[in-house]
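Working notes, structure below.
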Amino acid sequence: MTVETIEGPGAAGAAVRPTGRQVLVLVPAHNEEDVIGRALSALHAQELDGHPDTAVRLVVVADNCTDGTVPLAQGAGAETFTTHGNRAKKGGALNQALGALLPGLADHDAVLVTDADCALDPGFLGSALDHLDRGYSGIGGIFRGDPGGGFVGHLQRNEYARYARDVERLGGRCLVLTGTAALFRAGTLREISAARLDGRLPAGDGAGGVYDTTVLTEDNELTFAVLHLGGRIVSPPSCTLSTEVMPSWRALWRQRLRWKRGAVENCAQYGLTRITWRYWGPTAADHARRRRLRAVPGHPRLGPVGGRRRARQGLLAGRHRRVRRRAGGDAAQARVALHAAGGPDVRAGRRLLPAGLPRQGLPRRAAAAAQVLVTNRARPT
């Protein structure tokens, strides 16, 4: 496999590794002239106050680019690595770059891979390195959606926000190191390459490439590889970034269909193992997630305090028709009473209920609102 020479600022002294740790930042790009500037500006703005001995080497992996991506990247202070004859898209481009650059890294060095349409927040790299020092093999990012995209973009931003909340509540536990941005220990990537050659992991491209170019979702497969080799992964709430959203329903459908097909493909590829069992179906995955959430004190869904909240919401929903009947069949007034619910003291609610209303499951404020409804209905008009 042949590649062209690395070009751009800093390329002349690239063979000499500085003392301390080096972070190799790879930005795969295919005709990304519209967004590459934002991505590189965000990478140059990374705050590494806690890692003064860290040297960052920024390389844009230009894959079959026919626009101005390369000159723009070099003008922004990045090196460029141009692939040659790559037909395996992002995974193939990264394999070429890692094949040339990974041998020059020590095991304690790090490799950050981030997409060209993403912009890392200033504290991303510093926080990721902190977690790398704690023994994690892979650190992923928590992403939010960029503005735009109309209603479909709004839905994606909501989805990403829910995902971020769930990961934060789980203390950074995640199932996948997403392709938006992920930091790996260089030694981990080297071990993955060796494991593909000796049969411990799926062979991938058959040449020891870090990324499996035969699958649809190479980031999900790489996560499986890290976990099956005994590594630990995390997505810290402090490792945040923004990413583009799909602009149309058609683009969103294609993206999600590829994700789902890729996930099924990866599960079939690895089989049922101690790592993949939670990925095999929503029932198992949801059960595992709920079990972890129960351990979070005060979790608003399933924690010790959150359990009461969910029970209260269920009781309110189940009592809606009964409250409506007691309110004289007025659905609007019944909804007002239920909407006013929120007080945690169910026992107080039972004491406040008048005799004409149900005495089970209504918190205090709902009971008070219902009592006002009954009083108003009793007044002469």
Return the whole-Å distance between the Cα centroid of the range 112-164 and the Cα centroid of the range 75-111.
21 Å
Hey, got the dipole for the range 22-294? About the Cα centre, +1 on K and R Cβ, -1 on D and E Cβ, debye to the nearest 20?
1520 debye
Along the dipole axis of the range 130-237 (charges at Cβ: +1 for Lys and Arg, -1 for Asp and Glu; origin at the Cα centre), the most positive-end residue among Val210, Gly172, Gly148 is Gly172
For Ile142, Ile233, what's the fewest-to-most ordering of other Cβ within 10 Å of each Cβ?
Ile233, Ile142
For the range 86-100, in order, what is each residue's ³J(HN,Hα) by Karplus, 6.51 cos²θ - 1.76 cosθ + 1.60 with θ = phi - 60°, in whole Hz (x at glycine and Pro)?
7, 10, 9, 6, 4, x, x, 5, 5, 5, 5, 5, 5, x, 8
By count of other Cβ within 10 Å, fewest leading, how are Asp130, Asp198, Asp34 ordered?
Asp198, Asp34, Asp130
I need the peptides 143-155, 58-70 ranked by packing, meaning the mean over residues of other C-beta atoms within 10 angstrom, with the highest value on top.
58-70, 143-155
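Evaluate the charge dipole of the range 15-117 about its Cα centre and quote only its size in Debye, nearest 20, assuming +1 on the Cβ of each Lys and Arg and -1 on the Cβ of each Asp and Glu. Present the calculation step by step, with values, prior to reporting the outcome.
Values: 7 positive and 13 negative charges, 68 e Å.
Value, rounded to 20: 320 debye.
Every number in this text was worked out from the coordinates using simple rules, so none of it is lab data. All values derive from a computational prediction rather than experimental measurement. A quick note on method: Cβ atoms are made from the backbone with ideal geometry, for glycine too, and the neighbour counts reach across all protein chains shown.
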